[in-house]
Amino acid sequence: MRILHTSDLHLGKRIEGKDRLAEQKKVLEEICGIAEEKAADLALICGDVYDSYVPPAEAEDLFYEFVEALSGGGRRLVVVIAGNHDDPVRLCAASCLAQKHAIIISGGGEERFKIPDGPHIRLLEQGRNYIKAEIRGEKATIAIIGYPSDARLGEVADERGYSEKISGYLEEANASFSPESVNVAMAHLFAAGATPIGEEREIEAGGLKACSLSVFSEKCHYIALGHIHRFQKLKGNAFYSGSILQYSAGEESSKCVLLAEADKGGLRNVEKIPLNSGRKIITHEADGFLPALEFLEKGLRDYVYLRIKQDG
C-alpha cells in the first residue's frame, strides 16, 4: 500500500498582508500530480488545513477542490484531521458531501463516517478514533487523532500527564490494529524528540506540550504527524512531512511530501518527494541604501525581509 502524507497547508495564510492563495493552489496541484504519478492508495492530511478558525471563502473553496482532486474520483481514500489552527466544526461542515468522494474529515469528536462501497474502497469498521477500510483488496487500519488540546480531549486539567491522556484517547484505536492489515496512525501534535521551528515555537499559550511516541501501539507500521513545519524523522517509524510552503523566515525553504510503502508485514520504504512550487522567504542585510537598491534591482522572485544599516 502506498501512503501519501502531507500536513500544515495553512490555506488563507498571508505574509505581511499579501495573499498567497495562488502559491497554495499551485503546490496543491503539484501534490495531486505526485499522488497520481506514484499511484498512492491512501492520502493523509495531518492537520492545520486552514490558518485560522474563520478562513476566507477562497481558502475553503481551494481545500474542497484539492481533496476532491486528490481522491481521484473516489479511487483513493483521503483522510483529513483538524489541527490547532482549525475550527473542527467548520472543517467538518462538508463531511456528508466529502464522504461520497471517499474523503473522511475528522474534527476529533465522536464521529461516524459513511463511505459508499466502490470498486476500489470499502469502509469495513469504525470505532472511537479509528477506521478500517479495504483499499484495492488490501486492508488498512487508521488511528485518527486531531490536535489534542485539553478542550478537544473533553477533559479538564488533572494530575495525569498529557501523554497519558492521549494514550487513553487512543486505547480503542490501538487495540484495533490487526496483523492482517496495514496499520497507520495520524496525529497533529508535538511529539517528544521533535524540534519546533519558526512560528511553531509559540503554537500554544503556555508552551508546547510534548507527547511521548509510546502512546502509539507497537503494531503501528507508520505514524504520520503534523504540527511542525519541517520534515523530521523521529525514532522508529514516526515522521513529520512539514508544511507545504515556507511560512516564516525561520523555516527551511525546502519542502516535501512523503510517500510511505507498507504491507501487513511492516513499513518497507519512505520516500521524501520535494515540492517545487511557491516562493521562499529570505532575509538580507544591506550596508546602506545603495547596496539595498542594487539587491532589489536583481528582480527577486522571493519574499525578502530587508534590513538596511546606516550611520544616522
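The values are calculated or read from the model by the stated rules, or taken from the named source; none is laboratory data. The model shown is predicted, which means the values in this text are computed figures rather than measured ones. Cβ sites come from the backbone with ideal geometry, for glycine too, and all protein chains shown count toward neighbours. We work out accessible area using only protein heavy atoms, side chains counted, and drop any ligands, DNA or RNA first. Shrake-Rupley method; radii C 1.70, N 1.55, O 1.52, S 1.80 Å.
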When the chain is modelled as a GNM with alpha-carbon springs shorter than 10 Å, which of Gly137, Gly146, Gly226 fluctuates the most?
Gly137
Cross-link partners among lysines for Lys114, C-alpha distance below 16 Å, same-chain residues fewer than 8 apart left out?
Lys100, Lys132
Note down the nm distance, to one decimal, between modelled labels 7 Å out along Cα→Cβ at Glu171 and at Arg112.
2.3 nm
Just Gly288, Gly74, Gly266 to compare: in a GNM of the chain, with alpha carbon springs under 10 Å, which one fluctuates most?
Gly288
Residue with peak Gaussian network fluctuation, the chain [Cα springs, cutoff 10 Å], from Lys264, Lys235, Lys209
Lys235
Which percentage, to the nearest 5, of the DSSP beta bridges contained in the chain is antiparallel?
45 percent
Estimated FRET transfer efficiency (Lys38, Glu134; beta-carbon r; R0 25 Å; 0.05):
0.75
Result for the chain: accessible area per residue, probe 1.4 angstrom, in square angstrom, of 45 Å²
Suppose only helical runs count, i.e. DSSP H with n ≥ 4. What mean residue ellipticity at 222 nm does that imply for the chain under -39500 (n - 2.57) per run, divided by all residues and rounded to the nearest 500 deg cm²/dmol?
-5500 deg cm²/dmol
Quote the relative contact order of the chain in percent (integer), defining contacts as alpha-carbon pairs under 8 Å separated by 6+ residues.
17 percent
Heavy atoms of the protein only, probe of 1.4 Å, neighbouring chains included. What is the accessible area of Ser214 in Å², nearest 10?
90 Å²
Normalising by the residue count of region 55-128, find the relative contact order in percent from Cα pairs under 8 Å and 6+ residues apart.
29 percent
With a ≥ b ≥ c from the Cα gyration tensor eigenvalues, square-rooted, and the rule rounded for a/c under 1.5, otherwise prolate when a/b > b/c and oblate otherwise, region 1-137 is oblate
Specify whether the C-alpha gyration tensor of the chain places it in the rounded, prolate or oblate class, a ≥ b ≥ c being the square roots of the eigenvalues: rounded for a/c under 1.5, otherwise prolate if a/b is larger than b/c and oblate if not.
prolate
Which whole-angstrom value gives the distance between the alpha carbon centres of region 158-195 and region 46-68?
26 Å
Work from the charge dipole of region 24-86 (Cβ charges, +1 for Lys and Arg, -1 for Asp and Glu, about the Cα centre) and give the residue of Ile34, Pro55, Ile45 farthest towards its positive end.
Ile34
Pop the C-beta distance of Ile282 and Ala93 into the FRET formula with R0 = 30 Å and round what comes out to the nearest 0.05.
0.20
Counting only pairs 8 or more places apart or on different chains, how many lysine pairs in region 197-312 have C-alpha atoms closer than 24 Å?
20
Carbon plus sulfur fraction of accessible area for the chain, probe 1.4 Å, in percent
49 percent
Check: C-alpha center region 114-149 vs C-alpha center region 272-302, spacing in Å is 44 Å
For region 37-93, just say rounded, prolate or oblate: build the C-alpha gyration tensor, square-root its eigenvalues into a ≥ b ≥ c, call rounded for a/c under 1.5, and beyond that prolate if a/b exceeds b/c, oblate if not.
prolate
Taking 0.36 nm per residue of separation and subtracting the Cα-Cα distance, what length does fully extending Leu21 through Phe295 add?
96.0 nm
